Amino acid sequence: MPVEYSGIAKEHIAVRAAAGLFDVSHMGEIEVSGSQALALIQAITPNDASRLIDGQAQYSALTTPEGTAVDDLLVYRQSQNRFMLVVNAANIENDLEWIRARNSLGAHVEDISEKTGLLALQGPRAAEILQPLTEMALSGLSSYHFASGQVLGVDALVSRTGYTGEDGFELYFPASESEKLWTAILKAGEPAGLLPAGLGARNTLRLEASLLLYGNDLDRTTSLLEAGLGWIVKLDKGDFVGRDALARQKAEGINKKLAGFVMRGRDIARDHYPVYVNGAEVSHVTSGSPSITLKQNIGLAYLPLAHAAPGTTLEVSVRGRACEAEVVRTPFYKRKDS
């Protein structure tokens with residue numbers, strides 16, 4: 001997927017106002033199956049996959065013994081003994097090795113990434129565009145639920161999920177059918193304003209919605225609690241990798257947290273720029289860019305807890321200049337019907 005097709009801003013606006021189509025086939029899919037599939041997933045992720053029913057997905061992570069993140073991922077329950085984990089592209093091999101090294105239960109673990117295509121149709125007109133192309137009743141598909149059927153005669157798993165902050169769908173199907181579906185969906189959605197969208201718009205959209213990017217906002221140096229992901233940590237579900245560390249940190253309290261900020265001037269806070277509080281360097285920008293929707297320059301950074309409250313002033317070093325910013329509540333953008 002390229003950075004852009006017709007321009008990042010144009011593609012971003014299309015997703016917010018109509019729809020965008022992303023080819024995200026580079027993402028990884030790992031199938032976990034067999035009688036011990038659920039037990040393995042419970043042991044390596046902090047969320048409670050036992051709460052899932054067939055046709056439901058959840059956001060979760062692979063955790064280290066220290067409570068930090070090997071990766072963040074989606075867990076799809078296809079049946080009692082069959083799950084699909086969707087992981088970040090750069091982490092496929094490492095995640096697979098991590099899972100297999102902890103698979104003492106004997107579950108079947110298979111990398112199906114190469115044979116799986118993935119398109120994301122995102123935006124307020126996504127359902128209107130996709131419904132005529134499938135017999136599946138999309139109106140009955142709630143957020144983080146999915147169904148299996150056909151799209152344009154192609155067997156597909158259609159999930160009401162996404163990475164943009166908008167309503168939309170992610171379609172999983174045989175990789176050999178990628179070009180057919182990509183071309184046909186674009187043609188069908190053209191009257192509704194559908195545009196192909198690239199990595200640039202994917203990044204600006206997800207940042208506005210405060211959706212984390214692994215390697216920037218989340219990694220093996222930051223705990224799930226510090227990253228604001230305490231809601232996926234279910235300490236009462238039983239033992240899992242990192243549980244003791246996360247329970248201890250929850251009891252003792254965190255010292256830093258991921259916070260959102262808005263630049264007070266016109267300067268743009270880019271990834272990795274240093275962040276200062278009262279003249280002392282405390283962190284760096286994990287993600288930063290202009291917000292095309294809000295017409296502000298926004299960013300995320302880990303801040304000491306004492307300086308992470310909304311309204312707090314901080315400085316971002318932009319090419320050696322200290323530029324004022326203000327901590328704000330996140331998400332920066334939230335669609336009206338959510």
Task: Filtered residues of the stretch 294-303 (kept if touching a residue at least 12 places away in the same chain (Cβ under 8 Å) and loosely packed, with under 14 Cβ neighbours inside 10 Å) - done: Leu294
- [ ] Inspect all residues belonging to the stretch 109-116 and state whether any of them is touching a residue at least 12 places away in the same chain (Cβ under 8 Å), out of contact with any Asp or Glu (no Cβ under 7 Å at 6 or more places or on another chain) and among the hydrophobic types (A, V, I, L, M, F, W, C).
- [x] yes
- [ ] Spot the failing condition for Phe240; the list is (1) crowded, with 18+ Cβ neighbours inside 10 Å; (2) in a helix (DSSP H, G or I), and only one is missed.
- [x] (2)
TODO: Mind listing just one residue for me: the one in the stretch 118-165 that is part of a helix (DSSP H, G or I) and hydrophobic (A, V, I, L, M, F, W, C) and, of those, surrounded by the most Cβ atoms within 10 Å (Cβ to Cβ)?
DONE: Ala126
Task: In the stretch 27-57, the residues that are touching a His at 6+ places or on another chain (Cβ under 6 Å) and under 23 Å from Phe169 (Cβ atoms) - done: Gly55, Gln56
Open item on the list: I'm checking my understanding of the structure. Among residues of the stretch 247-276 that are in contact with a Phe, Trp or Tyr (Cβ under 9 Å, 6 or more places away or on another chain) and in contact (Cβ under 8 Å) with a residue 60 or more places away in the chain, which one is surrounded by the fewest Cβ atoms within 10 Å (Cβ to Cβ)?
Closed with: Val262
TODO: Please work out which residue is surrounded by the most Cβ atoms within 10 Å (Cβ to Cβ), limiting yourself to the stretch 181-193 and to residues that are in contact (Cβ under 8 Å) with a residue 40 or more places away in the chain and assigned to a helix (DSSP H, G or I).
DONE: Gly189
Open item on the list: Let me spell it out: the conditions are (1) farther than 18 Å from Leu152 by Cβ; (2) among the charged types (D, E, K, R); (3) in the same structural domain as Asp155 (by TED's automatic domain parsing), and Glu179 meets all of them except one. Which number is the exception?
Closed with: (1)
- [ ] Please work out which residue is surrounded by the fewest Cβ atoms within 10 Å (Cβ to Cβ), limiting yourself to the stretch 306-338 and to residues that are more than 23 Å from Ile254 (Cα to Cα) and polar (S, T, N, Q).
- [x] Ser338
TODO: Sort out which residues of the stretch 194-227 are aliphatic (A, V, I, L, M), in a helix (DSSP H, G or I) and in contact with a strand residue (DSSP E or B) (Cβ under 6 Å, 6 or more places away or on another chain), and write them in order of number.
DONE: Leu207
Task: Ser178 vs. criteria part of a helix (DSSP H, G or I), surrounded by fewer than 23 Cβ atoms within 10 Å (Cβ to Cβ), among the polar types (S, T, N, Q) and at pLDDT 95 or above - done: yes
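When you look at Pro65, is it crowded, with 16+ Cβ neighbours inside 10 Å, touching a helix residue (DSSP H, G or I) at 6+ places or on another chain (Cβ under 7 Å) and not in a strand (DSSP E or B), yes or no?
When the stated conditions are applied, Pro65 does not pass them.
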Task: Search result, residues across the stretch 63-85 that are free of Cβ contacts under 8 Å to residues at least 60 places away in the same chain and closer than 21 Å to Gly228 by Cα - done: Leu73, Val75
Open item on the list: I'd like to know if the stretch 4-16 contains one or more residues that are in contact with a strand residue (DSSP E or B) (Cβ under 7 Å, 6 or more places away or on another chain), in the same structural domain as Pro196 (by TED's automatic domain parsing) and among the hydrophobic types (A, V, I, L, M, F, W, C).
Closed with: yes
TODO: Exactly one condition in (1) among the charged types (D, E, K, R); (2) under 28 Å from Ile41 (Cβ atoms); (3) touching a Gly at 6+ places or on another chain (Cβ under 7 Å) is not met by Arg220; state its number.
DONE: (3)
Task: Which listed residue, of Leu300, Leu229, Leu246, Leu258, is in contact with a Gly (Cβ under 7 Å, 6 or more places away or on another chain) and within 18 Å of Thr64 (Cα to Cα) - done: Leu246
Open item on the list: It is to be established whether one or more residues within the stretch 39-56 are part of a strand (DSSP E or B), of a type outside the set (Val, Ile, Thr) and buried (at least 18 other Cβ atoms within 10 Å of the Cβ).
Closed with: no
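The values are calculated or read from the model by the stated rules, or taken from the named source; none is laboratory data. Computed from a predicted structure; not experimentally measured. Every residue, glycine among them, receives a Cβ derived from its backbone with ideal geometry; neighbour counts consider all protein chains shown.
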